[in-house]
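Visitor: I am attaching a structure below and will ask some questions about it afterwards.
The values are calculated or read from the model by the stated rules, or taken from the named source; none is laboratory data. Keep in mind the model is a prediction, meaning the values are calculated, not measured. All Cβ positions, glycine included, derive from the backbone under ideal geometry; neighbour counts span all protein chains shown. We work out accessible area using only protein heavy atoms, side chains counted, and drop any ligands, DNA or RNA first. Shrake-Rupley method; radii C 1.70, N 1.55, O 1.52, S 1.80 Å.
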Amino acid sequence: VLPGTLLLEAAGRAGIILKTPCGGQGTCGKCLVHVTDGACRSERRPDGPLTAEAFDEGFRLACQSWVDGDVVVEIPDASRFESRQQILVDDTGEQGRLNTVIRKVAFQLDEPSSDDPRSDLTRLRDAVGPVDVPDTLLRRLSGFLRANGWSGTAVLADSRLIALESTDTTRTSLGVAFDVGTTTIVGTLFDLTTGRELGVASRMNAQVAYGDDVVSRIRQVREKPDALATLQESIRDDLNTLIGELVDRANASGDAVYETVLAGNATMQQILCGYDPSALGELPFVQVFEEARVLPAASLGLAVNPGAEAFVFPQVGGFVGGDTVAGMVAARLDQWEKPPLMVDIGTNGEIVLACDGKIEAASTAAGPAFEGARIRQGMRAAAGAIEKVIVNEEVSWNVIGNVRPAGLCGTALIDTVAGMLRTGLLDETGRIVGRDEVDGGVSEAILDRLVSDDGDTRFLLVPAEESATGEAIYLWQRDVRELQLAVGAIRAGISILLRRAGLEPDDLGGILLAGAFGNFIRRNNAVRIGLLPAVSCQRIRCVGNAASLGAKLALLSRDERAYAEELRQKTEHVDLSLDPAFQEEFGAAMLFPCGDAERCRDES
Ligand code: FES
């Protein structure tokens, strides 16, 4: 990372999201980390939450510490946003939420006799309680009981018998929560008897080979008769690879997995269930289902126990899918004192606003600019991508993987545009201005980076001799236009939801940035370019992979599933394409805010 980077941000870059309830003000003490080698620039406030003893031992607040050189930092589990404690420990600090649908009951039945001629099924029910037994297991029941000396373990999902096992297996019960994204799939393995997290694994969604975004995958299904089966197979293989990896690492087998939870966007959820998503490809965008689906995992082809079930998250409507509902569960979106706005920024942006017991949700097609696509020298946030840019007296940048830069990803695009707006190199219409139009106070070194030939204006980020390709890396005028389109789509959606609720940005209790991109975005720059409304940075929070957290909660507690359904029912889907003001808002949002709109300056 660049010298001067906030430790909080460096952790986020490494995929570790810290708790920041005070919004990085240094007052809550929740972002505590331990610097074990090297040093960070940091001061302890006498009235702050960090004691002098803890400071002497190397403990620091990540929101108040800046990296100046090589440093080794340990992150206590309690400081992580997505820690096990957060899932299992309720507000009183008790382990209160473990309430899985899976229950195992070991039984020893009496053999039938002339005094006790109860049927096998009644005998089992009398021992394990009321239970629905599917025909597949009823066919096996008689032989099973007699072959195993009338003992064994009944595995129940709620009141449904899903497996019969010949020994006492009550100590073994696993479940996997999946967040199924368009680009990445994350699976987390849990011990359902203790709620302990046993491992996390992720991989690229192999469907990327069939198109980068959901629209191209829907198009495939609409155009080719066997595309749905191919895409479903692809996702099934990915899920099974992750299951295999997770159970191997835990020295277990797929047979010990009795429950899976899947949260994905609308397209991913329809495809993984094998439902035709074609209706999402035409107006009005219509999903196949709304309420959660509980399916036999075998029907999805998952390599888990043959009786296991799969819980697929409820969905709201249009492109607002199960991942958004899972994020709402994680953020407790209906329980805030002042209205929260949740925004998941990606190719498809989802925006949710909760106000006065009502929730409204919309999705908007932002296009691929945030993922570095359609940017002339853009790339995904992978090794070699410039991920951070600071424009002041000079230009400095940070590259993922500490290699030479090959292009810029979405966060760098936002940083550069924000920096150029601050220095006056861009006007509010998004035009890169000529050198002679720039006000005084801008260094010669920066002015020298403005290049204009044949009407093609651009801003030099990396000279040819410093890049990985031997070609200079620029921000081009056309890139700014692409970003304006993406910003306009998200911001118009936010403005419409605020207007419908009769709210001003200042009325918001917080803006929650969900999803991978939200973790890395510099909040002050997102406000500067108008992507987010001008509120104080304290009120903008990155909430990490909220969908994954919601999926885990639903795996560990049936109450969380009921809560997901409750949230779904409270949520109205707003179809932005039908809102007469959308085009107008979109046009207005394409203009960058004037400099005095900037209120968010707490990050380096
Ligand atoms: S002290 Fe609250 S986030 Fe750092």
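Visitor: If Lys and Arg each add +1 and Asp and Glu each add -1, what is the summed charge of the other residues whose beta carbon sits under 15 Å from the beta carbon of Lys104?
Guide: Around Lys104, the charge tally is -4.
Visitor: Which whole-Hz ³J(HN,Hα) couplings does the range 207-222 yield from phi under the Karplus relation 6.51 cos²θ - 1.76 cosθ + 1.60, θ = phi - 60°, glycine and proline marked x?
Guide: 5, 3, 5, 9, x, 5, 10, 5, 4, 5, 6, 5, 4, 4, 5, 5
Visitor: Under unit Cβ charges (Lys, Arg +1; Asp, Glu -1), what dipole magnitude, rounded to 20 debye, does the range 254-399 have relative to its Cα centre?
Guide: 320
Visitor: A further question on this structure: Report the local net charge at Arg171: Lys and Arg +1, Asp and Glu -1, summed over other residues whose C-beta lies under 15 Å from its C-beta.
Guide: In short, -1.
Visitor: For Ile17, what residues show an amide H to amide H distance below 5 Å, using hydrogens built from the backbone and excluding near sequence neighbours?
Guide: Amide H neighbours of Ile17: Phe81, Glu82.
Visitor: Now a separate question. Top to bottom by accessible area (1.4 Å), largest first, where do Lys104, Lys338, Lys552 land?
Guide: Result of the area sort, largest leading: Lys338, Lys104, Lys552.
Visitor: Probe 1.4 Å, all protein chains in place: accessible area of Leu485 in Å², nearest 10?
Guide: Only protein atoms counted, so the area is about 80 Å².
Visitor: Ignoring everything but the protein chains, give the 1.4 Å probe accessible area of Ile16 in square angstrom, nearest 10.
Guide: Here the accessible area works out near 40 Å².
Visitor: Now for a separate question. So who's got an amide H within less than 5 Å of the one on Leu461, skipping anything under 5 residues away but keeping other chains? H placed 1.01 Å off N, in plane.
Guide: Amide H to amide H, under 5 Å and 5 or more residues apart or across chains, Leu461 pairs with Ile473, Tyr474, Leu475.
Visitor: Follow-up. I'd like the Karplus ³J(HN,Hα) series for the range 512-518: coefficients 6.51, -1.76, 1.60, θ = phi - 60°, whole numbers in Hz, and an x wherever there's a Gly or Pro.
Guide: Running phi through 6.51 cos²θ - 1.76 cosθ + 1.60 with θ = phi - 60° gives 9, 9, 9, x, 4, 5, x Hz.
Visitor: Further question on the same structure: Find the percent of Cα-Cα distances in the range 171-283 that exceed 20 Å, and round it to a whole number.
Guide: 42
Visitor: Please grab the % of Cα pairs in the range 467-525 that end up more than 17 Å from each other.
Guide: 61
Visitor: Assuming 0.36 nm per residue, please report the length gained on full extension of the stretch Asp226 to Leu2 beyond their Cα-Cα distance.
Guide: 75.8 nm
Visitor: Taking Cα atoms, how many degrees apart are the long axis of helix 546-556 and the longest axis of the chain, rounded to 10 and kept between 0 and 90?
Guide: 10
Visitor: Taking amide hydrogens as modeled 1.01 Å from N in the peptide plane, which residues meet the under 5 Å criterion relative to Ile162, leaving out close sequence neighbours?
Guide: Val155, Leu156, Ala157
Visitor: Quick one: ranking Lys358, Lys19 by accessible area, 1.4 Å probe, largest first, what do you get?
Guide: Ranked from most to least accessible, the order is Lys358, Lys19.
Visitor: Just how many % of Cα pairs in the range 300-425 lie over 18 Å apart, if you round to the nearest whole percent?
Guide: Result: 67 percent of Cα pairs exceed 18 Å.
Visitor: Per the Debye formula with a single identical scatterer at each Cα and no solvent contribution, what log10 I(q)/I(0) holds for the range 238-385 at q = 0.21 Å⁻¹?
Guide: So the normalised log intensities are -1.20.
Visitor: Counting each DSSP H run of 4 or more residues in the chain as -39500 (n - 2.57), what helix-only mean residue ellipticity at 222 nm follows after dividing by all residues, to the nearest 500 deg cm²/dmol?
Guide: Mean residue ellipticity, 222 nm, calculated: -8500 deg cm²/dmol.
Visitor: Let me ask something else about it. With θ taken as phi - 60° and the coefficients 6.51, -1.76 and 1.60, list the Karplus ³J(HN,Hα) couplings across the range 124-136 in order, rounded to whole Hz; mark glycine and proline as x.
Guide: For the range 124-136, the Karplus-derived couplings read 5, 5, 5, 8, 9, x, x, 8, 8, 10, x, 4, 4 Hz, x marking Gly and Pro.
Visitor: Roll a 1.4 Å probe over the protein heavy atoms and report the accessible area of Thr136 in Å², nearest 10.
Guide: 90
Visitor: For the chain, state the semi-axes of the equivalent ellipsoid (square roots of 5 times the eigenvalues of the alpha-carbon gyration tensor), sorted largest first and rounded to whole angstrom.
Guide: After scaling each eigenvalue by five and taking roots: 48, 27, 22 Å.
Visitor: Using only the heavy atoms of the protein chains and a 1.4 Å probe, how would Phe313, Phe55, Phe285 rank by accessible area, largest first?
Guide: Reading off the accessible areas and sorting them downward yields Phe285, Phe55, Phe313.
Visitor: Ratio of the range 88-192's C-alpha Rg to 2.2 N^0.38 Å, to two decimals?
Guide: 1.38
Visitor: Expressed as an acute angle from 0 to 90° and rounded to the nearest 10, what is the orientation of the C-alpha long axis of helix 410-423 relative to the principal long axis of the chain?
Guide: Relative to the chain, helix 410-423 is tipped by roughly 30 degrees.
Visitor: Let me ask something else. Put +1 on the Cβ of each Lys and Arg and -1 on the Cβ of each Asp and Glu in the chain; which of Gly407, Leu239, Trp476 then has its Cα farthest toward the positive end of the dipole?
Guide: Leu239
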